[in-house]
1. Would you pick out the residues in the stretch 10-29 that are in a helix (DSSP H, G or I) and loosely packed, with under 15 Cβ neighbours inside 10 Å?
2. For the stretch 63-85, does any single residue satisfy the condition of being more than 20 Å from the chain's Cα centre (by Cα), in a loop (DSSP other than H, G, I, E, B) and closer than 24 Å to residue 161 by Cβ?
3. Evaluate the following for residue 170: is it exposed (fewer than 10 other Cβ atoms within 10 Å of the Cβ), modelled with pLDDT of 60 or more and more than 30 Å from residue 67 (Cα to Cα)?
4. Let me spell it out: the conditions are (1) in a loop (DSSP other than H, G, I, E, B); (2) closer than 20 Å to residue 66 by Cα, and residue 55 meets all of them except one. Which number is the exception?
5. Here are the criteria: (1) exposed (fewer than 15 other Cβ atoms within 10 Å of the Cβ); (2) in a helix (DSSP H, G or I). Tell me which single one residue 50 does not satisfy.
6. Write out, first by first residue and then by second, each pair whose Cβ atoms fall under 8 Å of each other, whose residues are 6+ apart or on separate chains, and whose first residue, in the stretch 142-166, is more than 20 Å from residue 85 (Cβ to Cβ) and assigned by TED's automatic domain parsing to the domain that holds residue 32 while the second is surrounded by fewer than 11 Cβ atoms within 10 Å (Cβ to Cβ) and at pLDDT 75 or above.
7. Any chance the stretch 83-96 includes a residue that's touching a strand residue (DSSP E or B) at 6+ places or on another chain (Cβ under 8 Å) and at pLDDT below 80?
């Protein structure tokens, strides 16, 4: 086992572990931090494949942009130290089964492919070639997946904001009011205090 294989397994463990902790953590801020580690592991995979440009884009856009935006959204709309509600057992079981089914389906599709090399020289992974291929509308272009991912990110951000919004409770009096006479007395005291403040 050489050094590249060891690094690959370390990065794979970081990606999978970060993803699992991101969806199982009870605190939303910790989920964002675990997601950060998972995305950094993906960038490390790109560096291991000698795709420095894609790795840099991964760090700048996802690690430096998306995750930071998620963290700011958490601080602005939700208490970062509060525990999220524990999901119901039925939802947890359904989520685990759905993830297992998606993993099995992906592995089945991968095993059905032979991945025969074309014999043509590999395309140089420069910024110009990657950008032209990503925005190309030809048979091997990636313009449609690129737009779908952008819509998916927008939907994910809207979902994060909706989930993180606090529920506003109706205002309640600090002290229980027993009857109307007591309420009038409290109003008179408050009016006297307001007049005193205005006079000062």
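The values are calculated or read from the model by the stated rules, or taken from the named source; none is laboratory data. The model shown is predicted, which means the values in this text are computed figures rather than measured ones. Reconstructed Cβ throughout: ideal geometry from the backbone, glycine too, with neighbour counts over all protein chains shown.
1. Residues of the stretch 10-29 that are in a helix (DSSP H, G or I), as a first pass: 10-24, 28-29.
10, 12, 13, 16, 17, 20, 23, 24, listed by residue number.
2. no
3. Values: exposed (fewer than 10 other Cβ atoms within 10 Å of the Cβ): yes; modelled with pLDDT of 60 or more: no; more than 30 Å from residue 67 (Cα to Cα): yes.
It is false that residue 170 is exposed (fewer than 10 other Cβ atoms within 10 Å of the Cβ), modelled with pLDDT of 60 or more and more than 30 Å from residue 67 (Cα to Cα).
4. Only one criterion in (1) in a loop (DSSP other than H, G, I, E, B); (2) closer than 20 Å to residue 66 by Cα is unmet by residue 55, namely (1).
5. All conditions pass for residue 50, except number (2).
6. 143/137
7. yes
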